[in-house]
Amino acid sequence: MKSVLLIGMGKFGQTLGENLLNMGDEVMIVDKNEEIINALAPRYTNALIANCMNENNLSSMDIPSFDVCVVAIGDDFQSSLEITSLLKDLGAKFVVSKATTEIQRKFLLRNGADEVIYPDRDIAEKLAVRLNAEKVYDYIELDSEYSIFEIAVPTEWYRKKIVDVNPRKRFGINILTIKKGKKIVTSPDAQYTFEEGDHMVVFGNTENILAFTNKKKK
């Protein structure tokens, strides 16, 4: 369980807040819009109507006590930038800020953000990957070179063992788990036999995995 200060309760902030609550985190929400806070307050332990560009307002929240501070403001970059900087000045342990452009991301990082999220870009990249690869069910980019994919097992692998297919040597992909509906086979050994409907969670070079999924189209 983490303690999270969530500043900015637009659509993104509300969705994030709900997910954090569902995971058992302690969440304090802040927004300068009284209507929004009054509507959301019953769901949260702490809810505050405040303009966070005011340093006195922020300092009254005991910023160092939070594990994470999230600046989820998307429609006012100047506010997002100033609040990010103020949070670090007030001793924030870890600040995550929301950006809508690459330029914003760079400025936020320079002004104290420990991490910058870029939801529109991330969604667009994931969609592009899914549209250009057959049966990709999920995708997590770890860095500029490596990713984790959930993909369907090719039909030609059915009833074959991992050792016989040898995906690591032939395609440069490492199988982390096998998903069989709701059942998960963790770290399958070389003798595991693929079955119809299996999904693989694989790790490897992004270009190698994409080449493999595109090859399956042909």
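The values are calculated or read from the model by the stated rules, or taken from the named source; none is laboratory data. Treat the numbers as computed from the prediction; the structure is a model and nothing was measured. Here Cβ is always computed from backbone atoms with ideal geometry, including for glycine, and neighbour counts include all displayed protein chains. Note: accessible area is taken over every heavy atom of the protein model, side chains too, but ligands, DNA and RNA are not part of it. Shrake-Rupley method; radii C 1.70, N 1.55, O 1.52, S 1.80 Å.
Contact map, region 8-30: residues that are in contact (Cβ under 8 Å) with a residue 40 or more places away in the chain paired with residues that are open to solvent by 40 Å² or more (accessible area, probe 1.4 Å), Cβ distance under 6 Å, separation 6+ or inter-chain. Pairs shown: M9/I36. Remark: L40 falls outside the filter, which requires a residue to be touching a residue at least 24 places away in the same chain (Cβ under 8 Å) and either within 10 Å of A72 (Cβ to Cβ) or assigned to a loop (DSSP other than H, G, I, E, B) (or both). Is it fair to say S80 is surrounded by 18 or more Cβ atoms within 10 Å (Cβ to Cβ), of a type in the set (S, T, N, Q) and within 15 Å of V4 (Cα to Cα)? So S80 does not fit the description; no.
Can you tell me how many residues in region 49-77 are in a helix (DSSP H, G or I), within 29 Å of R121 (Cβ to Cβ) and open to solvent by 30 Å² or more (accessible area, probe 1.4 Å)? Of the residues in region 49-77, 1 are in a helix (DSSP H, G or I), within 29 Å of R121 (Cβ to Cβ) and open to solvent by 30 Å² or more (accessible area, probe 1.4 Å).
All of I175, I148 fail the test of being among the β-branched types (V, I, T) and either out of contact with any Phe, Trp or Tyr (no Cβ under 7 Å at 6 or more places or on another chain) or open to solvent by 60 Å² or more (accessible area, probe 1.4 Å) (or both), apart from I175.
Here the strands (runs of 3 or more DSSP E) wholly within region 141-216 that include at least 3 residues being closer than 26 Å to D122 by Cβ and in contact (Cβ under 8 Å) with a residue 12 or more places away in the chain are 146-152, 173-180, 199-205. Please verify whether region 43-55 includes one or more residues that are over 17 Å from E115 (Cα atoms) and of a type in the set (K, R). Scanning region 43-55 turns up at least one residue that is over 17 Å from E115 (Cα atoms) and of a type in the set (K, R).
Has region 33-48 got at least one residue that is surrounded by 13 or more Cβ atoms within 10 Å (Cβ to Cβ), within 15 Å of V95 (Cα to Cα) and not charged (D, E, K, R)? No, because not a single residue in region 33-48 is surrounded by 13 or more Cβ atoms within 10 Å (Cβ to Cβ), within 15 Å of V95 (Cα to Cα) and not charged (D, E, K, R). The residues of region 44-77 that are within 24 Å of the chain's Cα centre (by Cα) and free of Cβ contacts under 8 Å to residues at least 24 places away in the same chain amount to a single one, D76.
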